[in-house]
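**Student:** I have a structure here, written as structure tokens, and I will follow up with some questions on it.
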Amino acid sequence: MAPQPGEQIFRGIAASAGVVQGRVLVLDGGQVEAPERRLIPEKKVSSEIDRLEAALVRTREQIRDLQSKVRQRLGADDAEIFEAHALVLEDQVLIDQVIRCIREKRVAAEFAFHDVASGYTRALADLHDEYLRERAADLRDLTGRVLRNLSGKDATHDLRHLPEPRIVLAHDLTPSATAQLDRENVLGFATDVGGKTSHTAILAGSMGIPAVVGLKHTVHELSSGDFVLLDGFNGLVIRNPSDQTLFEYGQLERRQVDLHARMAENRDTPAITLDGHRVVLSANVEQISDTAAVIDCGAEGVGLFRTEFLFMERDTLPTEEEQYLAYHRVASALKPNGVIFRTLDIGGDKLSGTWQGAPESNPFLGWRAIRLCLQETGIFCTQLRALLRASAHGNVRVMYPMISSVDEFDEANRLLEQCKGELRAKSTPFDEALEVGAMIEIPSAVLVADALAKRARFFSLGTNDLIQYTLAVDRLNERIAHLYNPTHPALLRLIQMTVEAGKRHGIWTGVCGEMAGDPALVPLLLGLGVDELSVAPPMVPMIKHLVRRLKLSEAREMAQSALQSESSVDILARSRALVQRTAPGLFEIRPIPL
Ligand code: PEP
Ligand code: MG
């Protein structure tokens, strides 16, 4: 698609499928709306500067006021925080720069202040010194205050309730903020940072909100009110799309609607290959409200329920009763189909209000998931009791995340047995035959998979993490996203080793990472012997369509030859070619959000 005059294409990473068009809402790092670039006539320049001065005076007063209140209530040390804000407001270099910007570019004071201040914020945020990085947050906070005083309105946005439909553009969005997005009015979103398997991207996929991540510095090039088309298939944001571009996307959409109608016909049929091999096709879920989507999409239950989202965006931990009711609701809604609840995997990029531990330099290698649970046993046992109680009302399984050794698995099971004892003592019912599995997402777990398979009833490959830990590639970092490579020969071997260890001990292996929902990789996974695929609900119809056209014998043959290959590009090409042969046109089919 050749760019048209006026049309401007920004390239990022496709994070959640779908195409949307509309006006954008640009948020800066502190969820403050970046102002529109409003031009002012020459004769209004001096009154614009007066307006700026007045807003700065008003902001200074507010800060002094706030400072004295905090001093009274919390003491001088805490009040000191606002000293930094006050100093920025007195920084003549910054203010002169804003005034110059108004004069020379003839832009409104809001735009000029935001423009200059966000330059400083970016510079501070990139520094290694933690103290200076925190000043970036101060500066954002202050910018919000000045903008509110300039516009006379509250410029912060509650993304849970947007007044009108918008495509949200932000430097970053946390997974917990994403989970709460206003599904009606947030048409799509785009962020400067992030990778394909960041939890923000995964959530967008499950929610069916088209998204592009890893746009690098695009957010600062767009202004609120710009008209864009967001293409979540190819990772594009197109400002001022031309008529031709809109026409081409319109055609694509019509083809999709057609093909999706055909795929939906498979909703109630099982995922069986042409040569009669049954694949369990389940869905990944983050929120209780997604249970309906699991039923609608034709999945056979839930292969991964990420329980941590129940713990986010709240000031207190969920009680046993609250958790029990939530798990019970999901398990009974999906009965007789099963639900695999993964125990709390907080940490990494998923932090919550209650769970902000001390900042870590390497959160993905830090206090996360089972490590945290085995130290905070009170929290872990509360969850285990709630899950056990829910198991009396449905087909429930449990799995532990981030298992790196047999000791961790044994210790988690010891606590589980302890919780069972407590429930038995109170005659509280639970499923005595509850199956417990291990997530395989750390290379060390693969290397001890035989020992784990003696203890676990199933394995679920968390390929999102397995890739990041095997290849030493941060799954969030857009700068090294090209190295985040699911078809690296090392990955194939680890998957094969896991599956074979499982088979030696008579247990099944599933994949619940994003690899399972990528049609190009499905033949590879099935050929390597994977028994279950768990994918975002909107992807289920397409994956089922594909499985029903594949022959397992061909997938096995292809996987065996891929295992001999030394090149990830070649491995991907082999798997893709098999898809193209068996389900022609599939790569033109784009999933439509449910
Ligand atoms: C994974 O790592 O593949 C996985 C499914 O878990 P999460 O994405 O929540 O880390
Ligand atoms: Mg994981």
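The values are calculated or read from the model by the stated rules, or taken from the named source; none is laboratory data. Owing to the predicted nature of the structure, the values given are computational and were not obtained by experimental measurement. All Cβ positions, glycine included, derive from the backbone under ideal geometry; neighbour counts span all protein chains shown. These area figures cover heavy atoms from the full protein model, side chains too; ligands, DNA and RNA do not enter into them. Shrake-Rupley method; radii C 1.70, N 1.55, O 1.52, S 1.80 Å.
**Student:** Which of the DSSP-defined H helices in the chain satisfy a minimum axial length of 30 Å, computed from C-alpha atoms, and a minimum mean Kyte-Doolittle hydropathy of -1.0? Write down the numbers at each step before the final one.
**Tutor:** Working: long enough: 45-74 (42 Å, -0.72); 130-151 (32 Å, -0.75); 243-264 (31 Å, -0.90).
Qualifying helices: 45-74, 130-151, 243-264.
**Student:** Only four residue types carry charge here, +1 at the Cβ of Lys and Arg and -1 at the Cβ of Asp and Glu. Report the dipole size of the chain about the Cα centre in Debye, rounded to the nearest 20. Before the final figure, lay out each step's value.
**Tutor:** Numbers: 67 positive and 81 negative charges, 243 e Å.
Around 1160 debye, computed over the chain.
**Student:** May I ask you to derive the relative contact order of the range 359-432, considering only C-alpha pairs under 8 Å and at least 6 residues apart, and to give it as an integer percent? Mind showing how you got there, number by number?
**Tutor:** Working: 46 pairs, mean separation 28.8, N = 74.
RCO, the range 359-432: 39 percent.
**Student:** Once you put a point 7 Å from the Cα of Asp91 and another 7 Å from the Cα of Arg262, both along the Cβ direction, what distance in nm separates them?
**Tutor:** About 5.9 nm separates the two model spin labels.
**Student:** Right, another one. Fully extended, how many nm does the chain gain between Glu83 and Arg255 (0.36 nm per residue separation, minus their Cα-Cα distance)?
**Tutor:** Working: separation 172, 0.36 × 172 = 61.92 nm, distance 5.89 nm.
The span from Glu83 to Arg255 would gain 56.0 nm if fully extended.
**Student:** Nearest 20 debye, what's the magnitude of the dipole of the range 200-262 about its Cα centre given +1 on Lys and Arg Cβ and -1 on Asp and Glu Cβ?
**Tutor:** Numbers: 5 positive and 7 negative charges, 40 e Å.
Taking the Cα centre of the range 200-262 as origin, the dipole is about 200 debye.
**Student:** For the chain, with all protein chains present and a 1.4 Å probe, just round the carbon and sulfur fraction of the accessible area to a whole percent. Write down the numbers at each step before the final one.
**Tutor:** Numbers: 12620 of 25270 Å².
Roughly 50 percent, rounded to a whole number.
**Student:** Choose one of Thr428, Ala573, Phe10: the residue whose Cα lies farthest towards the positive end of the charge dipole of the chain (beta-carbon charges +1 Lys, Arg; -1 Asp, Glu; about the Cα centre).
**Tutor:** Highest projection toward the positive end goes to Ala573.
**Student:** Next up: Report the one residue of Phe309, Ser118, His545 whose Cα lies farthest in the direction of the positive end of the charge dipole of the chain (charges on C-beta: Lys and Arg +1, Asp and Glu -1; origin at the Cα centre).
**Tutor:** His545
**Student:** Report the Cα centroid-to-centroid distance between the range 500-539 and the range 361-390 in angstrom, as an integer.
**Tutor:** When both Cα centres are located, 26 Å separates them.
**Student:** Calculate, for Ala433 and Asp65, the FRET efficiency according to 1/(1 + (r/R0)^6) with r their C-beta to C-beta distance and R0 56 Å; round to the nearest 0.05. Don't jump to the answer; show the numbers that get you there.
**Tutor:** Numbers: r = 63 Å, r/R0 = 1.13.
So the FRET efficiency works out to roughly 0.35.
**Student:** State, to one decimal in nm, how far the label point of Gln375 lies from the label point of Ser444, with both points 7 Å from Cα in the Cβ direction.
**Tutor:** So the label points at Gln375 and Ser444 sit 1.5 nm apart.
**Student:** Given a cut-off of under 8 Å on Cα pairs at least six residues apart, what relative contact order in percent is computed for the chain?
**Tutor:** Rounded, it is 15 percent for the chain.
**Student:** Quick one: if you stick a label point 7 Å off each Cα along the C-beta vector at Ala573 and Ala490, how many nm between them?
**Tutor:** 2.3 nm
**Student:** How much accessible surface area, in Å² rounded to 10, belongs to the heavy atoms of Phe311 with a 1.4 Å probe?
**Tutor:** The value for Phe311 is about 0 Å².
**Student:** What residues qualify as long-range amide H neighbours of Val511, i.e. H under 5 Å apart, gap of 5 or more or another chain, H built at 1.01 Å from N?
**Tutor:** Counting only residues 5 or more places away or on other chains, the set is Leu461, Glu532, Leu533, Ser534.
**Student:** Right, here's the next one. Quick one: ranking Ser47, Ser534 by accessible area, 1.4 Å probe, largest first, what do you get? Present the calculation step by step, with values, prior to reporting the outcome.
**Tutor:** Details: Ser47 55, Ser534 0 Å².
Largest to smallest exposure gives the sequence Ser47, Ser534.
**Student:** Here's a follow-up. What size of dipole, in debye to the nearest 20, comes out for the range 270-588 about its Cα centre when the only charges are +1 on Lys and Arg C-beta atoms and -1 on Asp and Glu C-beta atoms? Walk me through the numbers before you get to the answer.
**Tutor:** Numbers: 32 positive and 39 negative charges, 166 e Å.
Dipole magnitude for the range 270-588 comes out near 800 debye.
**Student:** With a cut-off of 8 Å between alpha carbons and a minimum separation of six or more residues, what is the relative contact order of the range 352-509 in percent? Each step should come with its number before you reach the end.
**Tutor:** Working: 197 pairs, mean separation 30.6, N = 158.
Worked out over the range 352-509, it gives 19 percent.
**Student:** Something else now. Could you provide, to the nearest whole Å², the per residue accessible area of the range 270-588 with probe 1.4 Å?
**Tutor:** On the way: 11950 Å² over 319 residues.
Value for the range 270-588: 37 Å² per residue.
**Student:** Let me ask something additional. Provide the solvent-accessible area of Glu36, counting protein heavy atoms only and rolling a 1.4 Å probe, rounded to the nearest 10 Å².
**Tutor:** 110 Å²
**Student:** Here's a follow-up. Going by accessible area, probe 1.4 Å, with all protein chains left in place, what is the ranking of Tyr469, Tyr400, largest first? Don't skip to the answer; put the middle values down first.
**Tutor:** Working: Tyr469 45, Tyr400 0 Å².
Putting Tyr469, Tyr400 in descending order of accessible area: Tyr469, Tyr400.
**Student:** Toward the positive end of the charge dipole of the chain, about the Cα centre and with charges on Cβ (Lys, Arg +1; Asp, Glu -1), which of Leu159, Thr197, Ile346 goes farthest?
**Tutor:** Thr197
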